[in-house]
Each structure stands twice: as structure tokens, then as C-alpha cells.
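Engineer: Dropping the structure in here first, questions after.
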Amino acid sequence: MRVGNTIAVLSLAALCFAGAAQASTYADLAAAVKAGDQAQVQALLDGGLSPMVAGTDKQSPPLVLAVVLKKHDIAQLLLARGADVNARHATYYNATALMLAANNRDADMVKLLLDAGANVNLTDKMGDSALNWATFYGDEAIAELLLARKIDATLYGHGNALDVALRRGHQKLVERYTDYLERRQVVQARNRPLFEAAADKNAQAVKQALAGGANVNATDSTGRSALGLAARLGDEKTIGVLAAAGARLDAQDPIGFTPLMEAARDGRIEAATKLIELGADVSHRAKANGLELTALHLATAGGHGELVKLLVAHGADINARDIEQATALMWATNQQPKLAVQLVQMGADPDIPSNTGDTPRALAEQRKMAELQEAIAARKPKGG
């Protein structure tokens, strides 16, 4: 799980195996795990091989490999023979086996590791817990398994679990974590009809709620405005009613997302168009716990090409950087290759590095992304 980069299971497996031939005992056990050969794994362990046998510093423990490859019976066997349930991946964010199971959205493996005593409050090298990994994908089942073990939902990496849920737009988890963290806000009685009407996408009822004394800029129990709710739902009629009544177009939620950003994330082009027409800030940056993202980052991450065009056409900063100094083009290079080509053709700079030092141009060359390389090569030089 990462903002801008999701590693596939097979890629993780390849990382686990890198250089396996350099340590024969590790290689034997790793090969058996990879093949799913439980009998061979057991034979090697019965022969005295430790379940925590080490390879090179770039090789992950056998349990991690079993978790990545979803070999449940082998993982259970390794644990029964003394494997460290909190074993970490050698190269991938120093992630624990529990985080990797969450990354795989493998609830059965998560339960197996929890039952074996996995520490739910460990964090990866970025400070994210297994709950953040599960939240990234909106995996409610795994989140509940972790919450049942009293995980600390305030652990802060790319924000805490509630921040991640807000950022990703996983509304059920936003509600769940708001309660878990005891952060539910009181909504005055006069404002409740406003949120109920907005949730029903009933613009007429919204008008009636406002006429009845509801505050157009009130926030709901999670600290978000009715305009943000309408934007998430793609309800341009309600957006118009709220704006006419004085709603703040760039009202920020707890992570600094505005209604336009929520519309961009969720692919609500009609709502985004309406908000832009009304004067919403197309280049607003979120707070640190919102990773200082812009609407363009969010539209790009979601693969919403028409929204990307809309934002840029209305003046969005095409080279805006997030908290990790990544541009929308960097996000697209990692997640949406076709959109990366589009962004370059629209003028995005392929030579802006993120805080890792990588640039979209360098990544395109390393990964042999021919279309993107061609688009970059066709760019006019700066000032040209």
C-alpha cells in the first residue's frame, strides 16, 4: 500500500527471492514455499532447518514469502515451528507480515497472523500501521479484525487511519473510525434536516431546510460540510442551491480537502464542473494529513482523464507537488500510464523529482514505458 504505488503480489514475491542462490539453505526453503510444497517445507524443518533461516539482507524471511504468495497452510506450519510472526519484508517499506496480508486483502491470513500473536501496533518505515494498509483499500473486514485487537488508530504515517479513510473516500470507514476515536461531533437539531436532504440528493428539501434555519456552512458529525457531501454524491443541483445560499466553496474537511477535491477524487465531473463555474479554487492544496494533495493529484490517481483536462483547462497548476514532492505526472507514471502521456502532452514537466530523487522521465526509461518516452521526447524544450 502506498500513495502513488501499489506493488502486485508477484512483484513482491520477486523481491523476496532476489539473489536466493547465494544462500543455499535459504534457497531450498524459499523454493519450497514458492512452489507451495508443504511436504518439502516440513521435511526441511524436520531436518533441522530453522523457519527463520536468513538469506542475504535483501531476502525476506520465509514467513513473509508465504504471506505474500498467500500460502496459508505453509504460513501456519512456519508459525507452528517458531517463525517470527512479526517478520518484515527486506525491501518493501520494512512491512510486517500482517501489513502484507492486509496489502493482499487476505482476511484469512490476517486472522491467522493475529491468532499467532502478531503485534498490531507495529509500523512500517513510513510510520503506517497495518490498519492504514487495510484502510488504503477500504477493506472493512480486515479493519474490523484489527480494531477487535484494540489497534491504536492514531498511529501516524501517511496520516492516521481516519485521515487515510477521508483521503481515499471510504465513507463507511470514516464513520467507523470517527466512533472508534470518539471524535463524533454534535450536530445541532436545526442543521440535521440539511444533511439528511443532501444525503438524499433532494435539492428542494435542502432549500426547505435552509428556509427552516439550517446553517448552510454547518458541518456534520464527521466535520464535513453539506457542500462536500453534495460533491461526493455528484449532485450539481444541490451544489447550486447551497452555493446560492452562501456555502463556502472551498470549505475544508479535517484533512483540508475541499468539495472540488472530493468531486475530483470520486470522478464526479458534473459536480466538479459546477463548482469550478461557481469559482472553486482549482489549485487548493490539502493539509499535511491530506498529503498536501490537489484536485489534480486526486483526479489523476483515480484515472479520471476528463476531469484532469477540466482542471488544467481552468488553470490548475499542472506541476503542483504533494507533501512528498510528487507531481500529478509522477502519480500517473506509477499508477495511470495513459494519463501520464496525456499530462505530458498537456505540458507537465517530466523532470521534477519527488523526494526519492526519481523523475517521471527516469522512471519511464527504467520501466521501458515506450508511449510515455515518446511523449516526453516530443515535448518542446522549455522556452521553445
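What follows draws every value from the coordinates through simple rules; no lab data is involved. Remember, predicted model here, so these are calculated numbers, not experimental data. Because the Cβ atoms are built from the backbone with ideal geometry, glycine has one as well, and the counts that use them run over all protein chains shown.
Engineer: Beyond 20 Å, what share of the Cα-Cα pairs of the stretch 129-184 remains, rounded to the nearest whole percent? Can you show the working numbers first?
Structural biologist: Working: 82 of 1540 pairs.
For the stretch 129-184, the fraction of Cα-Cα distances above 20 Å is 5 percent.
Engineer: Any chance you could check the Cα centroid distance between the stretch 266-318 and the stretch 351-370 for me, in angstrom?
Structural biologist: Cα centroid to Cα centroid, the span is 23 Å.
Engineer: Order 189-195, 35-41, 125-131 from most to least packed using the mean count of other Cβ atoms within 10 Å. Display every interim value, and only then the final one.
Structural biologist: Numbers: 189-195: 17.4, 35-41: 15.4, 125-131: 22.6.
Those peptides, ordered most packed to least, come out 125-131, 189-195, 35-41.
Engineer: Compute the relative contact order of the stretch 59-126 as a whole-number percentage, counting only Cα pairs closer than 8 Å that sit 6 or more residues apart in sequence.
Structural biologist: Values: 85 pairs, mean separation 22.7, N = 68.
The normalised contact order for the stretch 59-126 reaches 33 percent.
Engineer: Next question. What's the magnitude of the charge dipole for the stretch 130-249 around its Cα centre, counting Lys and Arg as +1 and Asp and Glu as -1 at the beta-carbon? Answer in Debye, nearest 20.
Structural biologist: Working: 16 positive and 13 negative charges, 56 e Å.
Roughly 260 debye, rounded to the nearest 20.
Engineer: Considering the chain as a Gaussian network with a 10 Å cut-off on Cα pairs, which listed residue, GLY315, GLY228, GLY240, attains the greatest mean-square fluctuation?
Structural biologist: Sorting by GNM fluctuation, first place goes to GLY315.
Engineer: Still on this structure, please answer the following. Go ahead and collect, in residue order, the members of the stretch 352-367 whose backbone nitrogen is under 17 Å from a label point 7 Å along the Cα-Cβ direction of ASP317.
Structural biologist: 352-355
Engineer: Give me the net charge of PRO61's neighbourhood, meaning all other residues with Cβ under 13 Å from the Cβ of PRO61; Lys, Arg count +1, Asp, Glu -1.
Structural biologist: On the way: positive: LYS58, ARG81, ARG88; negative: ASP57, ASP84.
Every neighbour counted, the sum reads +1.
Engineer: Shifting gears a bit: With a ≥ b ≥ c taken as the square roots of the eigenvalues of the C-alpha gyration tensor of the chain, please select rounded if a/c is under 1.5 and otherwise prolate if a/b is larger than b/c or oblate if it is not?
Structural biologist: Oblate, since a/c reaches 1.5 and b/c is not below a/b.
Engineer: Test of understanding: in a Gaussian network model of the chain with alpha carbons linked when under 10 Å, which of GLN366, GLN335, GLN42 would top the mean-square fluctuation ranking?
Structural biologist: Residue with maximal mean-square fluctuation among GLN366, GLN335, GLN42: GLN366.
Engineer: Apply the a/c threshold of 1.5 to the C-alpha gyration tensor of the stretch 259-345 and tell me whether it is rounded, prolate or oblate. Let's see the in-between values first.
Structural biologist: Numbers: a/c = 1.66, a/b = 1.18, b/c = 1.41.
Oblate is the answer for the stretch 259-345, as a/c is 1.5 or above yet b/c matches or exceeds a/b.
Engineer: Can you tell me, using C-alpha contacts under 8 Å and at least 6 residues apart, the relative contact order of the stretch 190-275 as a whole percent? If you can, show how the numbers build up before the last one.
Structural biologist: On the way: 134 pairs, mean separation 23.0, N = 86.
Normalised by residue count, the contact order of the stretch 190-275 is 27 percent.
Engineer: Set the Förster distance to 41 Å, then compute FRET efficiency between ASN121 and ASP250 from the Cβ-Cβ distance, nearest 0.05. List each step's numbers first, then the result.
Structural biologist: Details: r = 36 Å, r/R0 = 0.88.
Efficiency, rounded to the nearest 0.05: 0.70.
Engineer: Extending each Cα 7 Å along its Cβ direction at ALA35 and MET346, get the distance between those two points in nm, one decimal.
Structural biologist: In this crude spin-label approximation the distance works out to 5.1 nm.
Engineer: Using alpha carbon centroids, what distance separates the stretch 97-113 and the stretch 150-228, in Å?
Structural biologist: 30
Engineer: Here is a follow-up. Any aspartates and glutamates with Cα under 17 Å of the LYS380 Cα? List them, leaving off those in the same chain fewer than 8 positions away.
Structural biologist: Qualifying aspartates and glutamates at Cα under 17 Å: ASP349, ASP351, GLU371.
Engineer: Here's something else I'd like to know. To make sure I understand the rule: partners must be lysines, Cα under 29 Å from the Cα of LYS71, and not fewer than 8 residues away in the same chain. Which ones qualify?
Structural biologist: Output for LYS71: LYS34, LYS58, LYS111, LYS125, LYS150.
Engineer: Go ahead and estimate [θ] at 222 nm for the chain from helices alone: -39,500 (n - 2.57) per DSSP H run with n ≥ 4, summed, over the residue count, rounded to 500.
Structural biologist: Values: 23 runs with 194 residues, N = 384.
Helix contribution divided over all residues of the chain: -14000 deg cm²/dmol.
Engineer: Moving to a separate point now. When only Cα pairs under 8 Å and 6 or more residues apart are kept, what is the percent relative contact order across the chain?
Structural biologist: Working: 650 pairs, mean separation 33.1, N = 384.
That works out to 9 percent.
Engineer: For the stretch 327-384, give the magnitude of the charge dipole about the Cα centre (Cβ charges: +1 Lys/Arg, -1 Asp/Glu; no others), in debye to the nearest 20.
Structural biologist: On the way: 7 positive and 6 negative charges, 21 e Å.
The calculation lands at about 100 debye.
Engineer: So, one more: Taking the Cβ-Cβ separation of TYR156 and ALA43 as r and a Förster radius of 35 Å, what is the calculated FRET efficiency to the nearest 0.05? Walk me through the numbers before you get to the answer.
Structural biologist: Working: r = 45 Å, r/R0 = 1.27.
The calculated FRET efficiency here is 0.20.
Engineer: Would you look at the GNM of the chain, springs on alpha carbons closer than 10 Å, and say which of LEU166, LEU298, LEU278 moves the most?
Structural biologist: LEU278
Engineer: With a ≥ b ≥ c the root eigenvalues of the C-alpha gyration tensor of the stretch 230-383, is it rounded (a/c under 1.5), prolate (a/b larger than b/c) or oblate? Don't skip to the answer; put the middle values down first.
Structural biologist: Details: a/c = 2.46, a/b = 1.94, b/c = 1.27.
Prolate.
Engineer: Note down the nm distance, to one decimal, between modelled labels 7 Å out along Cα→Cβ at GLN204 and at GLN325.
Structural biologist: 5.6
Engineer: Going toward the positive end of the dipole of the chain, with +1 on Lys and Arg Cβ and -1 on Asp and Glu Cβ, which of SER354, ALA43, ILE318 do you reach last?
Structural biologist: Positive-most Cα among the choices belongs to ILE318.
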